[in-house]
Amino acid sequence: MIVMETYPRKKVDSVSITSIHHYGRSVMAATRWGCLGPGKISEDFFMAIKENLPAQEHKFVAVASRDLARAHTFADRFGFERAYGSYEEVGQDSDVEVVYIGTLHVTHVDLALKMMHAGKHVLCEKPMAMNLKQAQLVLDAAKTENRLFVEAVWSRWFPAYQKVREELAAGAIGDPRLVLVNFCVPISEVERVKNIAMGGGGCLDIGIYVVQLACMVFNERPVSISAVGNLMGAVDESAVIVLKYKGGGLANLTYHTAAGRGTNSATIMGPKGQMQIESPFHAPTRVLTPTGTNEFPLKEGSYHFGNSAGLQYEATEIRRCLLEGAIESPAFAHKDSVMVHTIMDEVRRQIGVVYPGFD
């Protein structure tokens, strides 16, 4: 049986956990957000908060873009109090408590380090780094600076994923023996996907989702990693990854950026039964388990990406971590980031993808 670990929590300074007293009772103040990069994913993240979570729990303080006009447009749309033309200004804003980083992959490490050194907590879009070595620098800084750092693998905070973890821990399917996942979406012509200088390639963009699911199910590093794939220029178009685990568990993972849209579902099999995470498996609202069909509907809204209302779960978890004084989230802890990036490094090595200036 998989034993889900309990992660230790390290307290952050009291200045980060704000509370006020109102008529004789303690009331937790709003989580004070900054945003770096007013792009599509940032729009979806703050829209999910705005449309689904209590306004008194989340305050939008400052947004920054290298294009000040874009920052002002974003601030006006979502109600941010200030707009800046440089990322450093968000770090210098004493009212910002936690920063959401929604910029290109290649900038994540530099910005995460700058924000933590400036005393900010960080939620950084996936992938948090271009490789494991970079990721470890950030995670080490989180411990040194005593700041909350979370890699925004948003799947992990969906109620459907929580249900899967509960069923695994209860032994509903027995020891997991096989994980089958595919994620195929036609994004090969998107500039950030096909451009090596922008951190392009399928592995870092969508492959991370299939890898993280296998990591969650088996909760240990694989004993072997095999990958075959295709390149499109300097970046990876697609790959099939096979992970073998101690005890014989297997994960068969596929991602493809040019083959059209796949079923994009996941199956987890064991000797007692199976679980099916229905499409889109990375942002699911429905999971079938031995105990029944479980549905977790989302409110519809104006989003760029499917089921982005589910980003609310990620924001709720960040607030919970801050209120509890944690520097990591147990659903996707620092060790999980290390495990995922270890596998992705090896996949890219086998396929032949190298990022100049990073690898």
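The values are calculated or read from the model by the stated rules, or taken from the named source; none is laboratory data. These numbers were taken from a predicted model, which means no experiment stands behind them. In this analysis, Cβ positions are derived from the backbone assuming ideal geometry, glycine residues included, and neighbour counts consider all displayed protein chains. All accessible areas refer to the heavy atoms of the entire protein, side chains included, with ligands and DNA or RNA removed. Shrake-Rupley method; radii C 1.70, N 1.55, O 1.52, S 1.80 Å.
Using a probe of 1.4 angstrom, how much of the accessible area of the stretch 61-144 is carbon and sulfur, in percent? Intermediate results must be reported in sequence, preceding the final value.
Values: 1690 of 3240 Å².
Carbon and sulfur together cover 52 percent of it.
Please compute P(r) over all alpha-carbon pairs of the stretch 314-359, binned at 10 Å starting from zero, and give each bin as a whole-number percent.
Answer for the stretch 314-359: a P(r) of 23, 34, 23, 20, 1 percent.
On a 0 to 90° scale, report how tilted helix 132-145 is relative to the longest principal axis of the chain, with both axes built from alpha carbons and the result rounded to the nearest 10.
Long axis of 132-145 versus the principal axis of the chain: about 40 degrees.
Accessible area per residue, 1.4 Å probe, Å², for the chain: what's the number? Please report the intermediate quantities before stating the final value.
Numbers: 14520 Å² over 359 residues.
Result: 40 Å² per residue.
Among Gln212, Gln312, Gln162, which one shows the biggest mean-square fluctuation in a GNM of the chain, springs joining Cα atoms closer than 10 Å?
The residue with the greatest mean-square fluctuation here is Gln162.
If one computes P(r) from the Cα atoms of the stretch 181-292, what percent of pairs lie at distances over 23 Å? Walk me through the numbers on the way to the answer.
Working: 1998 of 6216 pairs.
Within the stretch 181-292, distances greater than 23 Å cover 32 percent of Cα pairs.
With all distinct Cα pairs included, what does the Kirkwood hydrodynamic radius of the stretch 23-105 come out to in Å, to one decimal, could you say? Intermediate results must be reported in sequence, preceding the final value.
Numbers: mean 1/r = 0.0775 Å⁻¹.
Across the stretch 23-105, the inverse of the average 1/r is 12.9 Å.
Measure nothing fancy, just the Cα-based angle from helix 108-117's long axis to the longest principal axis of the chain, in degrees from 0 to 90, nearest 10.
Roughly 40 degrees, rounded to the nearest 10.
Leaving ligands, DNA and RNA out of it, report the carbon-plus-sulfur percent of the accessible area of the stretch 215-302 at a 1.4 Å probe.
Working: 2050 of 4120 Å².
Ligands and nucleic acids excluded, carbon and sulfur give 50 percent.
Computed over the Cα atoms, what is the radius of gyration of the stretch 124-224 divided by 2.2 N^0.38 Å, N being its residue count? Mind showing how you got there, number by number?
Numbers: Rg = 16.0 Å, N = 101, 2.2 N^0.38 = 12.7 Å.
Ratio of Rg to 2.2 N^0.38 Å for the stretch 124-224: 1.26.
Of the residues Ser155, Ser302, Ser188, which exhibits the maximal mean-square fluctuation in a Gaussian network model of the chain defined by a 10 Å Cα contact cut-off?
Ranking Ser155, Ser302, Ser188 by mean-square fluctuation puts Ser302 first.
Would you mind checking the pairs Lys126/Lys194; Lys59/Lys120; Lys194/Lys244; Lys40/Lys114; Lys143/Lys163; Lys59/Lys126 and listing those with alpha carbons more than 19 angstrom apart? Kindly include the intermediate steps, with their values, before the conclusion.
Values: Lys126/Lys194 17 Å; Lys59/Lys120 15 Å; Lys194/Lys244 30 Å; Lys40/Lys114 23 Å; Lys143/Lys163 30 Å; Lys59/Lys126 23 Å.
Correct reply: Lys194/Lys244; Lys40/Lys114; Lys143/Lys163; Lys59/Lys126.
Computed over the Cα atoms of the chain, what is the ratio Rg over Rh, Rh following Kirkwood?
Working: Rg = 19.9 Å, Rh = 20.8 Å.
With Rg and the Kirkwood Rh in hand, the quotient comes to 0.96.
Can you compute the modelled spin-label distance between Leu137 and Lys299, with each label point 7 Å from Cα toward Cβ, in nm?
Between Leu137 and Lys299, the label points sit 4.1 nm apart.
Within a Cβ distance under 15 Å of His256, other residues only, what is the Lys/Arg minus Asp/Glu net charge?
-2
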